[in-house]
Amino acid sequence: MKKVYLIGNAKGNAAYAIQQFQQAQTELESSGYDVVNFTNTMAGWHEVDRKSLLKHRLNAMLKCNTVFVLPDWQNDDLALIELASSYLIEMDVIRANNAIIPHTLNVYHSKG
């Protein structure tokens with residue numbers, strides 16, 4: 001079973017972000033994926049400093065072999081770091097409908 005980490009926009013409205021991440025998690029789990037959703041694994045994530053949040057998010061991502069990119073990921077600077085890192089360490093990348101990944105990020109991925 002593939003362990004999938006969710007990458008998306010978690011800036012701004014925390015309730016909206018939780019809803020978007022939870023919806024993606026539910027859909028992926030129904031398809032048989034083991035999902036890591038940082039909004040569920042770090043209590044008070046929306047109240048901590050960005051450095052601590054980034055460390056938590058990257059540690060959670062590194063426990064997975066695949067990332068799932070939500071459509072609005074580009075609105076969160078930490079999501080950009082996560083996505084670039086996933087390419088550098090050659091993780092599999094699954095894009096949600098309408099998730100656009102610029103060619104400049106694709107060049108980091110040696111498989112693609």
Pair list, Cβ < 7 Å and 6+ apart or interchain, from segment 4-31 residues that are touching a residue at least 40 places away in the same chain (Cβ under 8 Å) and closer than 20 Å to R95 by Cβ to residues that are hydroxyl-bearing (S, T, Y) and assigned to a helix (DSSP H, G or I): A10/T39; F21/T39
Between a first residue in segment 32-52 that is assigned to a helix (DSSP H, G or I) and a second residue that is surrounded by 14 or more Cβ atoms within 10 Å (Cβ to Cβ) and among the β-branched types (V, I, T), which pairs have beta carbons less than 6 Å apart while being 6 or more apart in sequence or on different chains? T39/I18
Going by the conditions given, is V35 within 14 Å of A10 (Cβ to Cβ) and hydrophobic (A, V, I, L, M, F, W, C)? no
Candidates K51, K111, filtered to the one that is surrounded by fewer than 17 Cβ atoms within 10 Å (Cβ to Cβ), modelled with pLDDT under 80 and basic (K, R): K111
Looking at the structure I just gave you, is Y16 of a type in the set (S, T, Y) and either touching a Ser or Thr at 6+ places or on another chain (Cβ under 8 Å) or surrounded by 15 or more Cβ atoms within 10 Å (Cβ to Cβ) (or both)? no
Just wondering, is there one or more residues in segment 55-62 that are modelled with pLDDT of 90 or more, among the hydrophobic types (A, V, I, L, M, F, W, C) and under 17 Å from N97 (Cβ atoms)? no
Looking at this structure, is Q25 closer than 18 Å to E82 by Cα and not in a loop (DSSP other than H, G, I, E, B)? yes
When restricted to A10, A79, the only residue crowded, with 16+ Cβ neighbours inside 10 Å, hydrophobic (A, V, I, L, M, F, W, C), part of a helix (DSSP H, G or I) and under 14 Å from the mean Cα position of the chain (by Cα) is A79
Residues of segment 58-76 being assigned to a helix (DSSP H, G or I), in contact (Cβ under 8 Å) with a residue 24 or more places away in the chain and surrounded by fewer than 15 Cβ atoms within 10 Å (Cβ to Cβ), in sequence order, are N75
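The values are calculated or read from the model by the stated rules, or taken from the named source; none is laboratory data. Since the structure is predicted, the reported quantities are computational estimates derived from the model, not experimental observations. Please note: Cβ atoms are built from the backbone with ideal geometry, for glycine as well, and neighbour counts cover all protein chains shown.
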